[in-house]
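To start, the structure itself, in structure tokens.
The values are calculated or read from the model by the stated rules, or taken from the named source; none is laboratory data. The model shown is predicted, which means the values in this text are computed figures rather than measured ones. Methodologically, a virtual Cβ is constructed for each residue, glycine included, from the backbone with ideal geometry; neighbour enumeration extends over all protein chains shown.
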Amino acid sequence: MKLTTLTPPLEDLHASSDDILLVSLISNDGLPVVHFGEGLDFDDQSALFFEMKKACDRVLDSLRLGHSEEVFIRCRKGCISIWPVNDMVFACLAKPSINSQRMQMLVWKTVSQLRGLI
């Protein structure tokens, strides 16, 4: 897997809306593989997104519902969408003004492309 093949889908998603602040593909050890956009500290953010996915999966496992296919969180200052991509995690951070359905469709399209490349 070459990083140059993973870059275009993330670039396209980031460029698709001014409301999308950050897109990131995160390795299975919580480190950023590829990312575009604004971020405080990409290493810290990637680790937090990775841990958020793991925490959600622990809750779902306890409820005997399996693992998450998507985690979507809307809060006062933004939206986060987190998806598994093979053994990695994909995260998208957006402004609260984004239409959540549009964000989910754009992210789903990107995740589908990434799964075909990995």
- line: With criteria (1) more than 14 Å from the chain's Cα centre (by Cα); (2) among the aliphatic types (A, V, I, L, M); (3) within 23 Å of T4 (Cβ to Cβ); (4) surrounded by 13 or more Cβ atoms within 10 Å (Cβ to Cβ), A15 comes up short on (4)
- prompt: Exactly one of (1) within 25 Å of T4 (Cα to Cα); (2) in contact with a Leu (Cβ under 9 Å, 6 or more places away or on another chain); (3) crowded, with 18+ Cβ neighbours inside 10 Å is unmet by F42. Its number?
  reply: (3)
query: Does region 8-19 contain at least one residue that is outside any helix (DSSP H, G or I), modelled with pLDDT of 90 or more and over 21 Å from P96 (Cα atoms)?
result: no
query: Any chance region 64-78 includes a residue that's polar (S, T, N, Q), out of contact with any Gly (no Cβ under 6 Å at 6 or more places or on another chain) and modelled with pLDDT under 90?
result: yes
